[in-house]
Amino acid sequence: MRCLSARLLAASTVLLLCACGARGTFRDGAFHGQEAVYRVSPLEAPWARVSLSGNDLAWAGPAGAVVAVNGLCTGHGDPSLKVLTDHLLMGFDAREILGREELMLAGRAALRTRAAARLDGIPMEMELTVLKKDGCVYDLSYSAPPSSFETGLGAYRAVVESFEAMGARR
């Protein structure tokens, strides 16, 4: 799992539009990455697709919000969804879990976690959704400043609901 730090730093607009190399192709709603293949509905304006280091797909939205999607099919072992989610929060200070709920996503159990944290003193609120399917781990994340968190939450949840895992790249 990749560290969520880059995503939240981006959400604070410090690294919002970095020019990083592509990690795969995204066409007609299907992402074909180095490891994983999945489908997800892209976000539309006012969201803009951006390239952020360590992310398969990412969109920047209003008020410093960021939605990101990642798939990893090797080197992750078989940790629980909670452990995978907690790994995404590494590197943050003042972490507080605001809620966790299990849900079904792409035909598998998934864990949705809402958290508040600080990165370099900047407060952020996040919603993270993690699932495992067919040997791959997928994480979908949304981060925004607490004052505007609710504004983009619906867009993020639409991305989550559209998610279809297609497995490891062959």
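Structure summary
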{"quantity": "Relative packing of peptides 37-50, 138-151 - highest average C-beta neighbours within 10 Å first", "calculated": "138-151, 37-50"}
{"quantity": "Nearest-0.05 FRET efficiency for D28 and R118, computed from C-beta distance (R0 30 Å)", "calculated": "0.20"}
{"quantity": "Of P79, A116, S147, farthest towards positive along the dipole that unit charges on Lys, Arg, Asp, Glu beta carbons give the chain", "calculated": "P79"}
{"quantity": "Where the Cα pairs of the chain fall when distances are cut into 10 Å bins, in %", "calculated": "11, 44, 38, 7, 0"}
{"quantity": "Tail weight of P(r) past 13 Å, computed on alpha-carbon pairs of region 70-131, percent", "calculated": "64 percent"}
{"quantity": "Projected area averaged over orientations for region 83-170, convex hull of C-alpha atoms, nm²", "calculated": "6.2 nm²"}
{"quantity": "Test item: Cα-centred dipole of the chain, Lys/Arg +1 and Asp/Glu -1 on Cβ, debye", "calculated": "340 debye"}
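We did not get these values from a lab; they are worked out from the coordinates using the rules stated. Please read these numbers as outputs of a predicted model, since none were measured by experiment. In this analysis, Cβ positions are derived from the backbone assuming ideal geometry, glycine residues included, and neighbour counts consider all displayed protein chains.
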